[in-house]
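Worksheet: the structure to be examined is printed underneath.
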Amino acid sequence: MKFRMGVALLSVAGLLISAYLWMFKHGYIGTLACGSGGCETVQLSPYSSFLGVDVALIGFLGYVVFLVVSLASVQPAWLERPGPSRLLLLLSAGGLLFAGYLTGLELFVIHAICRWCAASAVIVLLIFVLAVLDHRRFARR
Amino acid sequence: MAGTSALNRFYLLLLVLAVGGGGVLYWQTRGRGPSIPANVVVTVADTAGFSGYYLGDSAAPVLITEYADYECPACQTFDVVQFPDVRRQLIETGKVRWRYRDFPLSIHPYSRVAAHSAACANDQSHYWEQHTRLYQGQGQWAREADPTGTFREYGKQIGLDLAAYDACMKSAKYAGRIQASYDEGLKVGVASTPTFLIAGRLYEGVQNSDELKKLVDSLAAADAASR
């Protein structure tokens, strides 16, 4: 249960970060607290949207899905079922690939690092690790 | 029973995180000062007789158009670090005529207000003084909840008639002009700030004054050779 709870808590943190980035991009907040100075460069680049949708919004929706699945998975009826574990593993693997693609763009194409985006990528990585650990729980049986 | 207790603690932690984080986000959005509307319908009157803010000899062989945003840190770097040299080496020597166009980015909540403040200073023939003060003070006002007081203070320092300035700011009469400037930037292909339009070509990012001088000299030489 603790792994799934961890996923839910990380999802809320990710939700807040992606909401912050989305609000920044649309002018709802002033200067972004970004020590590296790369946040504006990344947010202004053509890569800040994917297939016409803001990357921050994609992240936000992704974290909503993680949160819903993880909250459902800690309910007594689902706690000992492997289904939610497989789903979380699948979703987090997809999220990790997308986060890796975005981090690659920052490093090798845009040549700027947005710390908030990096924090989001770390959260996705941690969610993936927790999903793997949760999945192993059932694989051992 | 122990499971229920752990679940309750988990929900409480989740709630604290969500409410705390949501509160921080809300705090970031509140207290924003007055803004100049974006995406207004541009009328003929907005652009009649106005095509930008100019510096330099109208007969200069090279025209450089700068598309910039008062709240953009890179634009500030250019204006504070490079532009004084550009002004001295290229504009004051008659080699270049400089044209400044507003390109307020949506990510910057105060860039239109700043542009409007400079437009109001232009009414009193103090555009470039206000322009320079806005860029010099960007690090301060960009972090304020309402920077309009700071803009007004700059106006006071450069000798503006504050009653006229206040009336101009309140009217937001240059919102259409700023929008027209932004639309022009989009039309010529500007995607980031600062961007410079020189002899039909766009140069993105902070330009070094020495590189600009080389470019202007080569353009002037080519122009002279073709005559």
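Which percent of the accessible area of the protein assembly as shown is formed by carbon and sulfur heavy atoms (probe 1.4 angstrom)? List each step's numbers first, then the result.
On the way: 11050 of 17720 Å².
The value for the protein assembly as shown is 62 percent carbon and sulfur by accessible area.
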Inset, instruction - At a temperature of 37 °C and a viscosity of 0.692 mPa s, determine how fast the protein assembly as shown diffuses translationally according to Stokes-Einstein, using the Kirkwood radius over alpha-carbon pairs as Rh; express D in µm²/s, rounded to the nearest whole number. - result: 140 µm²/s
Legend entry - Whole-Hz ³J(HN,Hα) from phi, Karplus 6.51 cos²θ - 1.76 cosθ + 1.60, for the stretch A:63-70, glycine and proline x: 5, 4, 5, 4, 5, 4, 5, 5
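Enter the buried accessible area of the A/B pair, total of both sides, probe 1.4 Å, in Å² rounded to the nearest 100. Don't jump to the answer; show the numbers that get you there.
Numbers: alone 7820 and 11990 Å², together 17720 Å².
Buried surface at the A/B interface: approximately 2100 Å².
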Legend entry - Solvent-accessible surface (1.4 angstrom probe) belonging to B:Glu211, in square angstrom, nearest 10: 100 Å²
Inset, instruction - Rounded to the nearest Å, what's the spacing between the alpha carbon centres of the stretch B:53-124 and the stretch B:177-227? Just the number, please. - result: 12 Å
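With all distinct Cα pairs included, what does the Kirkwood hydrodynamic radius of the stretch B:44-225 come out to in Å, to one decimal, could you say?
Details: mean 1/r = 0.0598 Å⁻¹.
Mean inverse Cα-Cα distance, inverted, gives 16.7 Å.
Can you tell me what share of the DSSP beta bridges in the protein assembly as shown is antiparallel? A percent to the nearest 5 is fine.
Working: 13 of 20 bridges.
Antiparallel: roughly 65 percent of the beta bridges in the protein assembly as shown.
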Legend entry - the stretch B:155-169 versus the stretch A:79-106: alpha-carbon centroid distance in Å: 56 Å
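Would you mind computing the Rg to Rh ratio of chain A from its alpha-carbon coordinates, Kirkwood style for Rh? Walk me through the numbers on the way to the answer.
Working: Rg = 16.0 Å, Rh = 15.6 Å.
On the Cα set of chain A, Rg over Rh gives 1.03.
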Inset, instruction - Would you check the accessible area of A:Val68, probe 1.4 Å, heavy atoms only, in square angstrom rounded to 10? - result: 90 Å²
Inset, instruction - Please provide three numbers in whole Å: the alpha-carbon extents of the stretch A:60-119 along the principal axes, with the largest listed first. - result: 47, 17, 14
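Please calculate how many Å² of accessible area the protein assembly as shown carries per residue, with a 1.4 Å probe and no DNA, RNA or ligand atoms counted. Let's see the in-between values first.
On the way: 17720 Å² over 368 residues.
I get 48 Å² per residue for this part.
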Inset, instruction - Give the Cα extents of the stretch B:75-175 along the principal axes, in whole Å, largest first. - result: 38, 28, 23
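Mind checking Rg over Rh on the stretch B:7-115, alpha carbons, Kirkwood formula for Rh? Show your work: numbers first, answer last.
Values: Rg = 22.3 Å, Rh = 17.8 Å.
That ratio is 1.25, to two decimals.
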Legend entry - For B:Tyr53, distant residues with modelled amide H under 5 Å away: B:Tyr100
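The values are calculated or read from the model by the stated rules, or taken from the named source; none is laboratory data. Since the structure is predicted, the reported quantities are computational estimates derived from the model, not experimental observations. Protein only, heavy atoms only, side chains kept; ligands, DNA and RNA dropped before computing areas. Shrake-Rupley method; radii C 1.70, N 1.55, O 1.52, S 1.80 Å.
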